[in-house]
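The values are calculated or read from the model by the stated rules, or taken from the named source; none is laboratory data. Nothing here was measured: the structure is a model prediction, and the numbers come from that model. Every residue, glycine as well, gets a Cβ built from its backbone with ideal geometry; the counts of neighbours run over all protein chains shown.
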């Protein structure tokens with residue numbers, strides 16, 4: 001019986017340590033808010049990936065000080081992310097430094113080659129997005145925007161209100 005229990009020790013420890021790290025992360029999300037995993041900026045994306053990596057590391061720590069360090073690092077990621085979000089809110093300069101502008105890639109069914117070259121988005125990338133948006137005819141496309149989250153938005157219809165395109169950079 002002892003031979004079976006010993007190999008399970010690391011497994012049980014890994015499960016428990018990971019569970020606590022996940023619960024710690026959930027608590028931090030509740031404190032900081034759902035924006036923590038929103039991926040609205042490049043840093044938000046990096047923070048999401050880093051948090052996942054740190055949770056995985058926490059579950060494999062053999063020493064308690066290493067485990068606590070991993071939990072502290074998760075807290076540090078959330079703190080930096082929260083601080084940068086606040087800085088973007090209060091300072092237009094910080095907003096410009098920390099955030100990307102969405103970029104117009106297509107307008108009225110026409111590819112904007114210069115914008116595509118600058119953002120390194122190929123026609124094949126755009127065609128993939130257009131197909132997934134159900135576009136059968138390029139004349140249906142009012143605008144295609146590379147968002148700050150690196151998601152490509154396809155806008156169809158007859159007209160696009162100016163407000164919808166607020167902040168979108170034309171290259």
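Numbers below:
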| read-out | value |
| --- | --- |
| Selection status of residue 53, closer than 30 Å to residue 100 by Cα and modelled with pLDDT of 85 or more | yes |
| Residue in segment 82-101 that is touching a strand residue (DSSP E or B) at 6+ places or on another chain (Cβ under 7 Å) and within 30 Å of residue 146 (Cβ to Cβ) present | yes |
| Flag for residue 122 being under 18 Å from residue 149 (Cα atoms), over 21 Å from the mean Cα position of the chain (by Cα) and surrounded by fewer than 14 Cβ atoms within 10 Å (Cβ to Cβ) | yes |
| Selection within segment 58-78 - in a helix (DSSP H, G or I) and either farther than 16 Å from residue 19 by Cβ or without any contact (Cβ under 8 Å) to a residue 24 or more places away in the chain (or both) | 64, 65, 66, 68, 69, 72, 73, 75, 76, 77, 78 |
| Helices (runs of 4 or more DSSP H) fully within segment 81-171 counting 2 or more residues that are farther than 20 Å from residue 46 by Cβ, in the same structural domain as residue 45 (by TED's automatic domain parsing) and free of Cβ contacts under 8 Å to residues at least 60 places away in the same chain | 92-98 |
| Residue count for segment 41-66, restricted to those that are surrounded by 15 or more Cβ atoms within 10 Å (Cβ to Cβ) and either out of contact with any helix residue (DSSP H, G or I) (no Cβ under 6 Å at 6 or more places or on another chain) or over 20 Å from residue 9 (Cβ atoms) (or both) | 10 |
